[in-house]
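These notes concern the structure reproduced below.
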Amino acid sequence: MFVTLLAVTISTILIYVIYKYKAAHNYFEKHGLKYKPGIPVFGNSCKSTFYKRHTFDDIDEIYRAFPDEKYVGYLEAMKPVIIIRDPEIIKKITVKQFDHFVDHRQLFSPEIEPLIGGSLFLMKGDKWKDMRTTLSPAFTSSKMKLMMPFMVKIARNIIDYLKDHTDEDIDVDDLVRRYTNDVIASSAYGVQVNSLVDRDNEFYKTGQDMFAFTLRQNMLFLIVITFPKLAEKLGIRVFPSRIQNFFTNLINETIDYREKNNVVRTDMIQLLMEAARGTLKAENDEIDTKEDTKKPTRQWSRNDLMSQVFIFFAAGFESSATTVGMTIHELAINQDVQEKLYQEIREYQEQHQELTFDSIPSLKYMECVVNECLRKWSPALIMDRECTKPFELPPVREGAKPVKLKPGDIVYNMVNSIHMDPKFFPNPDVFDPDRFRDDKKHIQPFTFMPFGMGPRNCIGLRFAYLEVKVILYYLLLNFKILKCPKTTDPIQLQPHNFNIKALGGSWVRLEARK
């Protein structure tokens with residue numbers, strides 16, 4: 001009986017896999033889209049699933065395979081996805097006709113992964129709009145100004161540590177993740193951490209565990225996106241429960257303590273507590289969209305609040321660390337760029353003495369350097385959107401018919417592949433910050449999108465830019481960044497699902513400036 005049951009189960013799964021595999025191909029052929037067949041179960045992402053290369057390389061291969069198409073087919077596991085290659089169509093989807101593509105794809109169920117599934121990033125429809133409106137005042141320039149002292153203090157901790165470690169090979173990946181960890185712990189949770197001293201603190205360990213993404217997690221994720229209903233019924237979790245427990249307990253204890261003892265601290269938990277109560281105000285000239293000016297009427301639960309504080313940690317820990325780490329690596333192998341940036345920082349220091357929020361925009365070349373790193377090594381990869389209302393894509397090529405999308409269809413608006421397309425950025429492999437100088441009129445709209453575009457762009461982009469600039473300022477002011485025997489040049493991506501890291505790591509040596 002057991003053998004019979006096992007045979008029936010395996011046969012059922014095989015039939016389902018073959019059916020879904022053929023259905024995906026039929027979807028592309030029905031719409032006249034060019035695609036590569038892929039492999040059953042794994043689709044076009046087989047190599048990245050088994051860490052043979054980065055997810056970007058899997059997607060970029062399809063992007064580059066059909067250079068004359070406005071969009072092409074991509075098989076994610078057994079789900080047909082349309083890759084958008086044309087900036088004008090991306091503009092329609094993310095801005096002009098955003099009401100047809102309000103939602104991200106639901107990767108994690110709020111019931112199974114409540115902290116991620118219930119976050120602003122994965123919220124849908126009106127609930128997302130209400131939460132975005134509620135949170136927007138917490139991310140204005142005036143609120144970021146309150147966060148900057150936390151960043152400066154932690155950056156100085158980093159510099160003090162590095163002064164005792166010159167002429168050593170520095171593991172940049174480890175260093176910058178300790179910086180972003182401490183910034184988020186302080187500015188979001190009100191917890192003072194020095195990860196260079198307390199190297200195994202819970203914040204840092206939890207962040208590392210979350211983004212390690214083992215092969216086992218990869219397989220679980222594949223099941224979740226391939227068999228979402230079955231995964232939900234079985235309660236399959238991609239992330240270890242200890243991660244949720246750590247943040248849930250921490251946030252609950254912090255909020256309870258503050259409410260009981262009437263404690264106020266200018267960090268993200270405080271701002272979100274005020275936002276949830278409807279008492280957080282923002283200056284009118286800082287509101288980004290008309291929707292943000294509407295007063296939220298929805299009441300948010302403690303769980304809703306916890307999800308937003310958690311996703312702030314998740315986004316701030318890894319994405320900002322990626323940008324800082326890759327920028328440091330690029331500066332080590334592009335000494336002319338580094339010297340130019342240092343001269344700007346030195347002139348700023350002579351004029352202002354201290355780095356301040358109001359004067360940091362005067363560091364124009366630093367802005368260019370950060371943007372060039374975000375172009376070349378953006379953590380975003382794609383802007384995924386789920387069709388929420390019927391939509392007609394323009395013809396994929398001259399002479400073809402429009403493609404009609406229905407609710408539930410998924411599109412990937414390309415980010416990194418467009419950033420690295422020589423049609424939009426000549427010599428894309430060259431690290432050239434001057435691309436972003438002056439008025440940037442030479443950059444075609446919707447070809448530079450590191451923080452997304454439209455109403456669903458990254459709400460924390462101001463925080464991210466500030467966090468990156470603060471550490472770069474103090475690092476360049478105090479040290480010259482040099483190559484060491486472990487420094488890779490040119491940089492290649494380490495195989496992974498989404499983390500952007502250099503193959504072999506980012507290693508440099510530091511020389512104290514006189």
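Here is how the numbers come out for the structure above:
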read-out: Top positive-direction residue, dipole computed over the chain with Cβ charges, set Tyr189, Phe451, Leu510; value: Phe451
read-out: Net charge dipole size for the chain [Lys, Arg +1 and Asp, Glu -1 on Cβ; Debye, nearest 20]; value: 1560
read-out: Cα-based helix-to-principal-axis angle, 302-333 vs the chain, degrees rounded to 10; value: 70
read-out: ³J(HN,Hα) computed for each position of segment 83-90 - Karplus, 6.51 cos²θ - 1.76 cosθ + 1.60, integer Hz, glycine/proline x; value: 8, 8, 9, 9, x, 5, 6, 4
read-out: Loop sites in segment 424-464: trypsin sites (Lys or Arg not before Pro), DSSP, at most 10 other Cβ within 10 Å; value: Lys441
read-out: C-alpha long axis of helix 172-189 to longest principal axis of the chain, angle in °; value: 90
read-out: Rounded to 5, the percent of DSSP beta bridges in the chain classed as antiparallel; value: 85
read-out: Using θ = phi - 60° and Karplus 6.51 cos²θ - 1.76 cosθ + 1.60, couplings along segment 41-58 (whole Hz; Gly, Pro as x); value: 6, 9, x, 8, 10, 4, 5, 6, 4, 9, 6, 8, 6, 7, 3, 4, 5, 4
read-out: Rg in Å to one decimal, and Dmax rounded to a whole Å, for segment 66-220 via C-alpha atoms; value: 20.7, 55
read-out: Cα-projected label distance for Gln343 with Ile223, points at 7 Å along beta-carbon direction, nm; value: 5.9
read-out: Translational diffusion coefficient (Stokes-Einstein; Kirkwood radius from C-alpha pairs) of segment 369-474 at 10 °C, 1.306 mPa s, in µm²/s; value: 100
read-out: Amide hydrogen neighbours beyond the local backbone of Phe479, cut-off 5 Å, H modeled; value: Arg513
read-out: Segment 421-514, dipole about Cα centre (Lys/Arg Cβ +1, Asp/Glu Cβ -1), debye to the nearest 20; value: 300
read-out: Read-out Cα extents along the principal axes in Å, derived from the coordinates shown; its label in [x] 68, 54, 43; [y] 75, 63, 46; [z] 72, 57, 51; value: [z]
read-out: 3J(HN,Hα) from dihedral phi, segment 358-371, Karplus parametrisation 6.51/-1.76/1.60, rounded to Hz, x for glycine, proline; value: 5, 9, 4, x, 6, 7, 5, 6, 4, 4, 5, 5, 5, 5
read-out: Length added when fully stretched, Val41-Arg298, from 0.36 nm per residue minus Cα-Cα; value: 88.4 nm
read-out: Which of Ser359, Thr388, Cys373, positive extreme of dipole for segment 286-418 (C-beta unit charges); value: Thr388
read-out: Long-range HN-HN contacts of Ala502 with modeled amide H, under 5 Å; value: Gln494
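Quick note: the coordinates plus some simple rules give every number you see, no bench work behind them. In this text, all values refer to a predicted model and were calculated from it rather than measured experimentally. Methodologically, a virtual Cβ is constructed for each residue, glycine included, from the backbone with ideal geometry; neighbour enumeration extends over all protein chains shown.
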